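Step one of this worksheet: look at the structure below.
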Amino acid sequence: AQAPAPAPAPAAPQGGTARPAPTPDLAVAQRGTLYEENGPQGSAPKATQARVVWRLDAVNAGQGQPLQTVVRATVDVPDAGLSLAMVLRRNTDATLPASHIIELTFTSTDANRTVRDVGLIQFKDDESSRGSPVSGLPVPVRDNLFLIGLSNLKADIERNTDLLLKRNWIDLPIRYANGNRAILTFEKGNAGEKVLREAFEQWQP
């Protein structure tokens, strides 16, 4: 018996097809790297390649509310069995002292990479620079799920917006349940920059 032929690669969408793919799913993946502690302190960290896809989305903000624009970044580290879904949205809850909320949801197929804690997300000009943390407060919800509330003080809003829109690389410090530390670093690139600018334009009061 012959081995089944491999499935053909999906063809690029053609004009006139019944179901054209939505534009966000055609976004180019940007670069990223997961740096993990590797042996005794002072050893070079283990670096695993990652990829990130940015898109603008609209979500249900609650009953009777208009759809809310959010920014989604999906960071995949296939060789580490780890992925991150990051969602940035404007805060519409008047009881919460935050201008925006960043939701961080990790998925890990390796129990050693269950995420127990995160630091403040940091922005930097290029991959090798030192990052500047946003003004805000990270809140652990449970393992692999965290919220960061960005400060709603006027000066902090201006600074955070400047970091979000003008810096091209992002560092997210993380700590696994086994105590090991890591940094997930990824770029906005043209796709992320475009999506964030469009979101902030739509979030103007």
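The values are calculated or read from the model by the stated rules, or taken from the named source; none is laboratory data. In this text, all values refer to a predicted model and were calculated from it rather than measured experimentally. Cβ: placed from backbone, ideal geometry, glycine included. Neighbour counts: every protein chain shown. The protein model used for the area step is the full one, side chains on, heavy atoms only, and it has no ligands, DNA or RNA in it. Shrake-Rupley method; radii C 1.70, N 1.55, O 1.52, S 1.80 Å.
Size descriptors for the chain: radius of gyration and Dmax over Cα atoms are 18.9, 71 Å. Taking 0.36 nm per residue of separation and subtracting the Cα-Cα distance, full extension of the segment from ARG130 to ARG197 would add 21.8 nm.
Pairs of Cα atoms in the stretch 69-138 fall into 10 Å distance bins, from 0 up to the last occupied one, in shares of 16, 40, 36, 8, 0 percent. From the square roots a ≥ b ≥ c of the eigenvalues of the alpha-carbon gyration tensor of the stretch 128-178, which class results: rounded (a/c under 1.5), prolate (a/b over b/c), or oblate? Verdict is oblate for the stretch 128-178. Shape call for the stretch 147-205 from the C-alpha gyration tensor, a ≥ b ≥ c root eigenvalues: rounded (a/c under 1.5), prolate (a/b greater than b/c) or oblate? Judged from the Cα gyration tensor, the stretch 147-205 comes out oblate (a/c at least 1.5, b/c at or above a/b). With K and R counted +1 and D and E -1, the other residues having a Cβ less than 10 Å from that of GLU36 yield a net charge of +2. In terms of its C-alpha gyration tensor, the stretch 37-89 comes out prolate, because a/c is 1.5 or above and the ratio a/b outweighs b/c. Per residue, the accessible area of the chain comes to 59 Å², computed with a 1.4 Å probe over protein heavy atoms only. The heavy atoms of LYS166 present about 140 square angstrom of accessible area, all protein chains included, probe 1.4 Å.
Mean separation of Cα pairs under 8 Å and 6 or more residues apart, divided by the residue count, gives the chain a relative contact order of 20 percent. For the stretch 78-205, lysine pairs with C-alpha atoms less than 17 angstrom apart, excluding pairs fewer than eight positions apart on the same chain, total 4. Bridgeable aspartates and glutamates around LYS46 (alpha carbons under 13 Å apart, same-chain partners fewer than 8 residues away excluded): GLU36, GLU37, ASP79. Size estimate for the stretch 79-118 follows the Kirkwood approach: the inverse of mean 1/r over distinct Cα pairs works out to 12.0 Å. Over the chain, what percent of the accessible surface lies on carbon and sulfur atoms, probe 1.4 Å? Within the chain, the accessible surface is 51 percent carbon and sulfur. Derived from the Cα gyration tensor, the three semi-axes of the equivalent ellipsoid of the stretch 98-183 are 24, 16, 9 Å, largest first.
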